[in-house]
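Notes to accompany the following structure.
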């Protein structure tokens, strides 16, 4: 299942690209507008061609290696409800989503993959967006499928529902099937983090892990314009509190011998990366808040792997 080539836009910290790499895809170009995200990509994969640029300014003619790739993938910024955020912010996210779709005109990939919020799949609020995408893809000879995956079904210790669009050229579409779950039961936070919690000799690690029996709530990176590194809104923090975690901030290191066996503990940035199922060797550039935002905004690599394998199977049929 090797030899497939892909272009990845809005790459962020590389979660989707890493997952696709593990499914046998080789990137010819990755694009992101954020310097710290590009630094992360180069830090982990020096051989990858990383372009620091706004997607709206990208001209494929200047990068002919992007033509006729097997896959165009995009983890565009998650589109939020216009009722809950500033209208300008939502419009910018929608412009990036539309720009990713419009890239198919020049790139002409055999398949396209976009990952975003579940609401894009069937929410009435995004009906106009889905209609725009339908017209563009059908005009270019693609058939497509919208569906929702939960990362927890793919060995990610987190309840993270993702809206997915997969489009393929007509001759490949009937062979595509959305990926089936890869685990029979979800991985709880305690099991995922027990080893790291004990790494500095904290005597309470086993007891903490034994009661942290749920998957993590959805990690959110938060807005680039405000806030620091915390684990999300008040409801999410209450869910963390039930697992003995203070979701109001992140720690610089895991608990050590000086910590008592009971009480609330804080997660480290590295531990949130484990909850996104990044491999432990994957490094994130920037200061603590910047690292956490990259992680919270990322697509968990195992989901990208499952999607990549499903797409590869269709392209190989």
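From most to least packed by mean Cβ count within 10 Å, the peptides 124-132, 94-102 give 94-102, 124-132.
Over the chain, Cα pairs under 8 Å with separation of 6+ residues give a relative contact order of 21 percent.
Estimated at 0.36 nm per residue, the fully extended path between residue 65 and residue 26 surpasses their Cα-Cα distance by 12.8 nm. To the nearest ten degrees, helix 301-316 and the longest principal axis of the Cα atoms of the chain are 30 degrees apart. Cα centroids of region 269-317 and region 117-148: 24 Å apart. Here the scattering of region 142-209 is modelled by Debye summation over its C-alpha atoms, one equal scatterer each and no solvent; at q = 0.14, 0.21 Å⁻¹ the log10 of I(q)/I(0) is -0.59, -0.88. What FRET efficiency do you get for residue 251 and residue 57 if R0 is 51 Å and r is their Cβ-Cβ distance, rounded to the nearest 0.05? Efficiency, from the Cβ-Cβ distance: 0.85. Each distinct pair of alpha carbons in region 1-151 adds a 1/r term; the inverse of their mean, the Kirkwood radius, is 15.9 Å.
Take 289-296, 159-166 and order them by the average number of nearby Cβ atoms within 10 Å per residue, most first; the result is 289-296, 159-166. A Förster radius of 30 Å combined with the Cβ-Cβ distance from residue 175 to residue 47 puts the calculated FRET efficiency at roughly 0.45. Hydrodynamic estimate: the Kirkwood radius of region 189-295 over Cα pairs, inserted into Stokes-Einstein at 10 °C and 1.306 mPa s, corresponds to D of 113 µm²/s. Ellipsoid fit via the Cα gyration tensor, the chain: semi-axes of 34, 20, 19 Å, each the root of five times an eigenvalue, largest first.
Full extension of the segment from residue 234 to residue 262, taken as 0.36 nm per residue of separation minus the current Cα-Cα distance, would add 7.8 nm.
For region 189-295, the relative contact order is 30 percent, taking Cα pairs closer than 8 Å that sit 6 or more residues apart in sequence and dividing their mean separation by the residue count. Applying 0.36 nm per residue to the separation of residue 214 and residue 125 and subtracting their alpha-carbon distance, the gain on full extension is 28.9 nm.
Averaged over residues, the count of other Cβ atoms within 10 Å places the peptides 276-282, 21-27, 233-239, 137-143 in the sequence 21-27, 276-282, 137-143, 233-239, highest first. Placing a pseudo-label 7 Å from each Cα along the Cα-to-Cβ vector at residue 92 and residue 280 gives an inter-label distance of 3.7 nm.
In terms of surrounding Cβ atoms within a 10 Å radius of their Cβ, 272, 104, 182 rank from fewest to most as 182, 104, 272. What's the angle, to the nearest 10 degrees (0 to 90), between helix 127-139's Cα axis and the longest principal axis of the chain? Roughly 40 degrees, rounded to the nearest 10.
Any read-out appearing in this document is the output of simple, stated calculations on the displayed coordinates, not a laboratory observation. Bear in mind the structure is a predicted one, so any value in this text is a computation, not a measurement. Ideal geometry is used to build each Cβ from the backbone, glycine not excepted, and the neighbour counts take in all protein chains shown.
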